[in-house]
Every structure is written in C-alpha cells, then in structure tokens.
Amino acid sequence: MATSANWTVIFDDKKIMNHSVKQDNGSPQSYVIEDDAFWNDSKFSNIWAIQHGTNPASDEVEHRDTTPHCSYAEANLGDFSEFTNRWDSAHLNQLQLDWDNDNVDGESEEDKIARLGARPTSYSS
C-alpha cells in the first residue's frame with residue numbers, strides 16, 4: 001500500500017480513516033460507515049483497501065484477487081468525495097455529540113457557547 005496517505009478505506013471493516021485528523025491517542029480518526037448499499041456497490045466488489053491523497057501517481061487500490069494494485073484513477077471508481085463526504089458527515093455527528101455532552105453544572109447556553117464556541121453545524125475535510 002502507498003505510504004503517507006491522507007485517507008485509508010478498508011472495505012471489510014466499512015471504515016474510512018482521515019490521517020490528517022488525529023484522535024487523542026495520535027491515531028487517525030476513523031469511522032465505520034454503516035451503509036450496506038454503498039459498500040455493496042458492484043464497482044467495489046473486488047476492492048480490498050484504498051490509500052488515497054498522497055499524489056495521483058502513488059494513490060493505491062488493493063484488489064481482493066490477483067489483480068495488480070493500481071492507482072485510484074486507473075481503478076475508475078469515481079470521485080473520491082464519495083468517501084470523504086461520508087467521513088465528514090460522521091465526523092460532524094461526533095463533533096455535535098461531543099459539544100452536546102460537554103456540560104458544566106449550572107452553565108447557561110450562552111456561557112457554554114462562550115466556552116466552546118457555537119455548536120458545529122458543518123464540517124468539510
């Protein structure tokens with residue numbers, strides 16, 4: 001697989017990883033995307049994993065069978081935003097949940113906004 005990618009997609013795990021956003025432990029932020037219709041699209045039937053965002057020459061698609069690895073462009077899988085949009089949506093949900101659960105006893109909503117900023121309403125990676 002390509003190294004230093006911005007994104008990793010693991011099909012068996014239904015997982016999309018953004019290497020530029022880190023969790024508290026330093027590992028890339030990843031989300032399991034429960035959307036069987038998406039993952040079962042026939043264009044993904046022979047795909048094991050994708051490393052994307054290094055550069056077009058080293059983006060890599062790994063196949064399940066003996067098909068040689070190829071670039072994302074050569075795999076003809078469509079726009080990579082299919083993955084990033086799903087990750088962005090999951091990440092926004094997590095940011096909103098974190099905001100909603102970060103409470104201080106007796107704190108007004110105005111105080112919470114002053115402490116945390118406004119509740120996130122959008123996210124784009």
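The values are calculated or read from the model by the stated rules, or taken from the named source; none is laboratory data. Keep in mind that what you see is a predicted model, and the values were worked out from it rather than measured. Please note: Cβ atoms are built from the backbone with ideal geometry, for glycine as well, and neighbour counts cover all protein chains shown.
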Members of the stretch 95-125 that are under 18 Å from the mean Cα position of the chain (by Cα) and aliphatic (A, V, I, L, M): Leu95, Leu97
From the list Arg119, Arg115, Arg86, pick out the single residue that is surrounded by fewer than 15 Cβ atoms within 10 Å (Cβ to Cβ) and under 23 Å from Ser30 (Cα atoms). Arg119
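Taking Asn85, is it over 24 Å from Ser124 (Cβ atoms) and either among the acidic types (Asp, Glu) or free of Cβ contacts under 8 Å to residues at least 12 places away in the same chain (or both)?
It is false that Asn85 is over 24 Å from Ser124 (Cβ atoms) and either among the acidic types (Asp, Glu) or free of Cβ contacts under 8 Å to residues at least 12 places away in the same chain (or both).
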Return the residue satisfying two criteria in turn: it lies in the stretch 59-68 and is closer than 18 Å to Asn6 by Cβ and modelled with pLDDT of 90 or more, and of such residues it is surrounded by the most Cβ atoms within 10 Å (Cβ to Cβ). Val61
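Each row is one residue, and each column tells you yes or no for (1) over 17 Å from the mean Cα position of the chain (by Cα); (2) of a type in the set (Gly, Ala, Ser); (3) farther than 26 Å from Ala118 by Cα.
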| site | (1), (2), (3) |
| --- | --- |
| Ser20 | no, yes, no |
| Ser27 | no, yes, yes |
| Ser30 | no, yes, no |
| Phe83 | no, no, yes |
| Ala90 | no, yes, no |
Looking at the structure I just gave you, is Asp111 assigned to a loop (DSSP other than H, G, I, E, B) and either closer than 25 Å to Ile33 by Cβ or not polar (S, T, N, Q) (or both)? no
Hey, among the residues in the stretch 1-16 that are out of contact with any His (no Cβ under 7 Å at 6 or more places or on another chain), free of Cβ contacts under 8 Å to residues at least 60 places away in the same chain and of a type in the set (A, V, I, L, M, F, W, C), which one's farthest from Leu95 (Cα to Cα)? Ala2
Looking at (1) touching a residue at least 24 places away in the same chain (Cβ under 8 Å); (2) over 20 Å from Ser125 (Cβ atoms), can you tell me which one Ala37 breaks? (1)
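When you check Ile33 against the structure, is it in contact with a helix residue (DSSP H, G or I) (Cβ under 8 Å, 6 or more places away or on another chain), among the hydrophobic types (A, V, I, L, M, F, W, C) and within 19 Å of Leu95 (Cβ to Cβ), yes or no?
yes
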Kindly list the number of the only condition in (1) in contact with a Lys or Arg (Cβ under 9 Å, 6 or more places away or on another chain); (2) of a type in the set (Gly, Ala, Ser); (3) within 24 Å of Ser124 (Cβ to Cβ); (4) surrounded by 16 or more Cβ atoms within 10 Å (Cβ to Cβ) that fails for Gly78. (4)
Across the stretch 90-102, the tally of residues that are surrounded by fewer than 16 Cβ atoms within 10 Å (Cβ to Cβ) and either touching a residue at least 12 places away in the same chain (Cβ under 8 Å) or β-branched (Val, Ile, Thr) (or both) stands at 6
